[in-house]
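One structure is given here, and the rest of the page talks about it.
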Amino acid sequence: MRSISRWMRRILAKVIEFCMKHAESLDPEELDAWDDDFFKMDNSTLFDIIKAANYLDIKSLLDLTCKTVANMIKGKSPEEIRRIFNIKNDFTPEEEQEVRMENQCALEHE
Amino acid sequence: MSYNEILKDVFPLLDGTDLASCMAVSKQWRDIAQDDYFWKCLCSKRWPSICKRPSAPTVTYYKMFKTFYKRQHQKKLLPPRLSFSDLEFYIDIWSEDSLIFSEVIAGPVLQKGVWNPPPGICDVLRFHLEGPEYKMTFSVDPRFSVPLCQTISVSMLVGRKDSNKVACIINKSVFDYIDRTSYRALAFDYLDFSSAYPFVSGIRAWMSLLFMDKGSEEVIDVFGVEIDFCDAANSEDEVLWLFDMLDWN
C-alpha cells in the first residue's frame with residue numbers, strides 16, 4: 001500500500017473532522033458557526049479539500065467548499081480576486097482593457 | 001480534479017457581475033468564465049421563459065445577459081452622419097416688414113469655435129458665451145440696431161449640400177423675450193422632424209440676438225447671433241443628429 005504523504009494525511013484529517021461533526025450534530029445554527037470556523041484556512045488547503053471532497057464524493061462538503069470560494073469572489077474586483085487567490089495577471093494591458101470594455105457598463109459593480 | 005474543474009464548480013454559484021469580474025482575472029479564468037453554459041444558467045434564472053426555446057435568442061447567452069441584465073442608462077450616440085461643412089444656414093431677420101439682416105451662413109462658421117466677442121459686452125453675457133453648453137454663434141459685422149418698439153421676427157432654413165435639400169429650423173418667430181440681465185433677445189420655434197422619427201416633439205430651436213451693453217431702453221445694438229437647442233442637444237454630435245432628423249425636402 002502506498003504510504004500516504006503527510007500532506008494528504010492532513011487533508012484527510014480535516015475531511016474526516018468535517019464529516020464527523022456533521023454526523024454528530026443536527027443543529028443548523030451550531031453547524032453554521034462551526035463551519036465558519038472550520039473554513040478559516042489558507043486557500044491551498046481549501047482547494048485541496050475541494051479535490052478530496054470531489055474524489056471521495058462527499059457532496060455536502062463539496063457544496064460548502066465551493067460556496068466558500070464563491071463567497072470569497074463575490075463583490076470583488078478582478079485585482080482583489082487575484083490577490084486573494086495569488087493569481088498572476090497574464091493579460092497584456094491591451095487585452096485587459098479589451099476584457100474590461102466587454103464587460104463594462106453592463107456588468108460593473110455599482 | 002483539476003484547478004479548472006474547481007472553477008467550473010464555483011462559477012455557477014456567482015451572479016453575472018461577479019462572473020464578469022472573474023473574466024478579467026487571468027486568461028485561464030477568462031477562458032473558463034466565457035463558457036456560455038454559465039451565462040445560460042444566469043439567463044434562465046433572470047428570464048425563465050427563454051428555456052422554452054432550444055437556443056439563445058441572441059448569438060450567445062453571454063451577450064444576452066450582458067445587454068439586458070441592467071437597464072442601460074447611458075445610450076451611446078452613434079456618430080453623426082452630417083457635418084457642419086455639409087450645411088449652410090439661411091437667416092432672415094425683419095423689423096416689422098423691413099429686412100434688417102439677411103445672410104447665408106456657412107456651417108463651419110456657425111460651428112462652435114473660437115469667437116472673440118467684442119469688448120463692451122456685459123459680464124453675464126460674456127460668461128454665458130464662454131460657458132460649456134453647446135451653442136452656435138456668429139458675429140454680425142457691421143452691427144445693426146433694432147428698435148424694440150417694433151416687432152422683430154426671424155426665419156431660418158438650413159440647406160444640405162450632399163442631397164440638395166432644405167429643412168426649416170425657425171418658420172417665423174418673433175423675438176418677444178428680452179433678457180436684460182444677459183443682453184439677449186430670444187426667439188424660438190419647435191423643430192419639425194421627418195416622419196422617420198414619429199414620436200419626437202417638443203424640441204425647440206432658440207435664436208438669440210446678442211447686444212451691447214449700451215444702456216438704451218428703446219434700441220438694441222446687435223453684435224452677434226446665437227443659436228442653440230438647449231432643450232435636447234448639448235454637444236456638437238447631438239446638434240448634428242438633430243439636424244439629421246429634420247424634415248428634409
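Every read-out reported here was derived from the displayed coordinates using simple, explicitly stated rules and does not represent laboratory data. A quick note: this is a predicted structure, and the numbers were derived from the prediction, not measured. Neighbour counts run over all protein chains shown; Cβ positions are idealised from the backbone, glycine included.
Points to keep in mind about this one:
- By the count of other C-beta atoms within 10 Å, a proxy for reagent exposure, A:Val69, B:Val59, A:Val99, B:Val219 are ordered fewest to most as B:Val59, B:Val219, A:Val99, A:Val69.
- Value of [θ]222 nm, deg cm²/dmol, for chain A, DSSP H segments ≥ 4, -39500 (n - 2.57) each, nearest 500: -22000 deg cm²/dmol
- Shielding by other protein chains, A:72-82, mean Cβ within 10 Å: 5
- Label-to-label distance for A:Met41 and A:Asp90 is 2.7 nm, based on points extended 7 Å past Cα in the beta-carbon direction.
- Simple spin-label estimate for B:Asn116 and A:Glu80 in nanometres, 7 Å along Cα-Cβ: 5.3 nm
- Out-of-range pairs (alpha-carbon distance over 24 Å; input A:Lys59/B:Lys66; A:Lys59/B:Lys52; A:Lys76/B:Lys66): A:Lys59/B:Lys66; A:Lys59/B:Lys52
- To the nearest ten degrees, helix A:6-24 and the longest principal axis of the Cα atoms of chain A are 70 degrees apart.
- Averaged over the residues of peptide B:58-68, the number of Cβ atoms from other protein chains lying within 10 Å of each residue's Cβ is 1.
- At R0 = 25 Å, FRET efficiency that the Cβ-Cβ distance of A:Trp7 and A:Asn71 yields, to 0.05: 0.50
- Peptide A:54-65 has a mean of 1 when you count, residue by residue, the C-beta atoms of other protein chains within 10 Å of its C-beta.
- Links that overshoot a 21 Å alpha carbon limit, given the list A:Lys21/A:Lys74; B:Lys8/B:Lys70; A:Lys88/B:Lys27; A:Lys74/B:Lys40; A:Lys88/B:Lys8: A:Lys21/A:Lys74; B:Lys8/B:Lys70
- Anisotropy class of the range B:111-188 from Cα gyration tensor, a/c 1.5 cut: oblate
- With semi-axes defined as the square roots of five times the eigenvalues of the C-alpha gyration tensor, the equivalent ellipsoid of chain A measures 34, 19, 11 Å, largest first.
- The distance linking the range B:62-115 with the range B:130-200 is 13 Å (Cα centroid to Cα centroid, whole angstrom).
- B:Tyr197-B:Asn164 FRET efficiency (beta carbon distance; Förster radius 22 Å; 0.05 resolution): 0.55
- Once C-alpha pairs closer than 8 Å and six or more residues apart are averaged by separation and normalised to the residue number of chain B, the relative contact order reads 17 percent.
- Whether chain B is rounded, prolate or oblate, judged on the alpha carbon gyration tensor where a/c under 1.5 counts as rounded: prolate
- Here the label points at B:Tyr177 and B:Glu103, each 7 Å from Cα along the C-beta direction, are separated by 2.5 nm in the simple model.
- Electrostatic dipole magnitude of the protein assembly as shown [Cβ: Lys, Arg +1; Asp, Glu -1; Cα centre; debye, to 20]: 1880 debye
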